[in-house]
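Enquirer: Could you have a look at this structure, given as structure tokens, before my questions?
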Amino acid sequence: MKRSYFPIAFASALLLTAGSTASGGFKLDMATGRVPAKEGSVVEVAYDTRWGGGAGGALNVDGVEVWSGSGEAFGIYAWDTTGVASGEHALEFVARDGAGKETAWTAVVLVSRGESEETTSNGIPVSWLERWGHGADAEAFSQGIAANGRTVKDCYIADLNPTDSDADLKMTWGDGKPDYGPKSADRVYFMEGSADLRNPEGWSHPTNATHRYFRVRVEVP
């Protein structure tokens, strides 16, 4: 069973990830308020109370406390959805700082059961290719170059029309901060920043005031 996570700061929104052996994994910021997960997958909550003099925290699932910790702690809580009823389930993480102030983040996990989707040999759903008129030649088209010069697989990851020569995911700058678009409701985006382009390991999320360079990472749920 594939699991992945992305630890984040105490002062930021909590991050959830979900994955299964069938669908792989994905990451979604808790601030968006919804995490789809196939029944039998593991939803992982990355917690970090080390920042801001953290005094501890607790995680509740459908109103029931499933984890709690004191002091400055960090780690992963894995919620196994095997046998969990289909439908919406509420997750809440409550963090306490050194002064006793509490901050809560909530998210809805939508547990569902479904059949595996037909895909090409490089993992592109045939239904996505049908959307752009290439259902009949799905396998061959999926291996090629799109109208915008990128691979069709790249267009699928970014959810861009592979038949549109102008389709592209672009960075913009406005109101003193970076942005990007177009955004698809069917994709998960991470704005990453770096203070030094010479350091290939220097990219991080979330961004902060030291970052001078920015990029967008896209993942398929």
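Readers should treat all values here as calculations from the given coordinates under stated rules, not as data from a laboratory. Everything quoted here is computed from the prediction, not taken from an experiment. Ideal geometry is used to build each Cβ from the backbone, glycine not excepted, and the neighbour counts take in all protein chains shown.
Enquirer: Are there GluC sites (Glu not before Pro) in the range 83-171 that DSSP marks as loop and that have at most 14 other Cβ atoms within 10 Å, and which are they? Display every interim value, and only then the final one.
Expert: Values: sites: Glu88, Glu92, Glu102, Glu115, Glu117, Glu118, Glu130, Glu139; in loops: Glu115, Glu117, Glu118.
Those satisfying the criteria are Glu115, Glu117, Glu118.
Enquirer: Compute the relative contact order of the range 163-221 as a whole-number percentage, counting only Cα pairs closer than 8 Å that sit 6 or more residues apart in sequence.
Expert: After rounding, I find 32 percent.
Enquirer: List every residue whose amide H lies under 5 Å from the amide H of Tyr180, counting only residues 5 or more places away in sequence or on a different chain, with H placed 1.01 Å from N in the peptide plane.
Expert: Thr172
Enquirer: Something else about it: When you count, for each residue, the other Cβ atoms within 10 Å and take the mean per peptide, how do 104-110, 152-158 rank with the highest first?
Expert: Working: 104-110: 17.1, 152-158: 20.1.
Per-residue Cβ counts within 10 Å, averaged per peptide and sorted highest first, yield 152-158, 104-110.
Enquirer: How high is the relative contact order of the range 117-168, in percent, counting Cα pairs under 8 Å that sit 6 or more residues apart? Don't jump to the answer; show the numbers that get you there.
Expert: Numbers: 65 pairs, mean separation 13.8, N = 52.
Relative contact order here is 27 percent.
Enquirer: So, one more: Taking θ = phi - 60°, what integer Hz values does the Karplus form 6.51 cos²θ - 1.76 cosθ + 1.60 yield along the range 160-170, in sequence order, with x for Gly and Pro?
Expert: These are the phi-based 3J(HN,Hα) values: 9, 5, x, 9, 9, 5, 9, 6, 6, 8, 10 Hz.
Enquirer: Still on this structure, please answer the following. Ranked from highest to lowest mean number of other Cβ atoms within 10 Å per residue, what is the order of the peptides 213-221, 195-203? Intermediate values should be presented prior to the final figure.
Expert: Values: 213-221: 15.9, 195-203: 10.8.
Highest to lowest by the protection proxy: 213-221, 195-203.
Enquirer: Let me ask something additional. Note down the net charge around Val66, summing +1 for each Lys or Arg and -1 for each Asp or Glu among other residues with Cβ under 12 Å from its Cβ.
Expert: Numbers: positive: none; negative: Asp62, Glu65, Asp80, Glu92.
Computed value for this residue: -4.
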